[in-house]
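Structure record follows, encoded as structure tokens.
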């Protein structure tokens, strides 16, 4: 699959037993891994977002962007960042850094996000409350060594920036953690995050077998990553890993690109892989 072809728009339900009742049915647009560059142009990415917006049949509560907007070069992607920032949702758009975003010039990319008004969370936690519906958003910086992820999670979950509510953690808030690398899940679950959203794996990019209701995908992703694509559980915490929008190289095998619309339910029902 080439980078210019359309990502699928997929709807997934995530059953989360401790999810706050006030947020039952919470809808998240999960986008990741555009890899803007030779395989996916900014114009194509903007078109994908416009078409996604036009196909939405009900409002989105949150837009989550889990890294790797850029590919191997730091290029001017301001129009895409602005479109992401302004995408209509109740709580707004929030993003975290991926390894490719900071591959060449970390500071330049962060400045572009600020210029576009895109909310970028770098090892921080914010508390948002709209009409009595509260969420805590935690954003984890890109971490080169996976063994360091737990430390970054601890740091982020005790830090508030100036826009955060300084009161103790609201137990009725939906606690959502964004991190590019899904290996963060173990540390996030240990601190009782309700939902973790990640990308990075591209769903494996090359799979021998596609996932089914009862089986995860089998391929490069499952060899390299414990969590490669789909929904995972640990205690009362849930993880969603998207296959992303772009590509590392110009084809995918049995793991099509996607924009995921997640509906989170307060439920003890088992989650299907995809």
In segment 56-70, residue surrounded by the fewest Cβ atoms within 10 Å (Cβ to Cβ) [restricted to those that are in contact with a helix residue (DSSP H, G or I) (Cβ under 8 Å, 6 or more places away or on another chain) and closer than 14 Å to residue 109 by Cβ] | 70
When segment 125-149 is examined, which residues are found to be in a strand (DSSP E or B) and more than 22 Å from residue 103 (Cβ to Cβ)?
-> 125, 126, 127, 128, 129, 130, 133, 134, 135, 136, 137, 138
Taking segment 174-211 on its own, how many of its residues are modelled with pLDDT of 95 or more, part of a loop (DSSP other than H, G, I, E, B) and under 18 Å from residue 17 (Cβ atoms)?
-> 2
Across segment 102-116, the tally of residues that are loosely packed, with under 14 Cβ neighbours inside 10 Å and touching a strand residue (DSSP E or B) at 6+ places or on another chain (Cβ under 9 Å) stands at 2
In segment 71-101, which residues are buried (at least 19 other Cβ atoms within 10 Å of the Cβ) and at pLDDT below 95?
-> 71, 77, 100, 101
Scanning segment 33-55 residue by residue, those in a helix (DSSP H, G or I), crowded, with 18+ Cβ neighbours inside 10 Å and under 19 Å from the mean Cα position of the chain (by Cα) turn out to be 45, 48, 49, 52
From 30, 15, grab the single residue that is surrounded by fewer than 22 Cβ atoms within 10 Å (Cβ to Cβ), in contact with a strand residue (DSSP E or B) (Cβ under 9 Å, 6 or more places away or on another chain) and within 17 Å of residue 240 (Cβ to Cβ).
-> 15
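The values are calculated or read from the model by the stated rules, or taken from the named source; none is laboratory data. Note that the coordinates shown come from a computational prediction; the quantities given were computed from them, not determined experimentally. Positions of Cβ are backbone-derived with ideal geometry, glycine not excepted, and every protein chain shown enters the neighbour counts.
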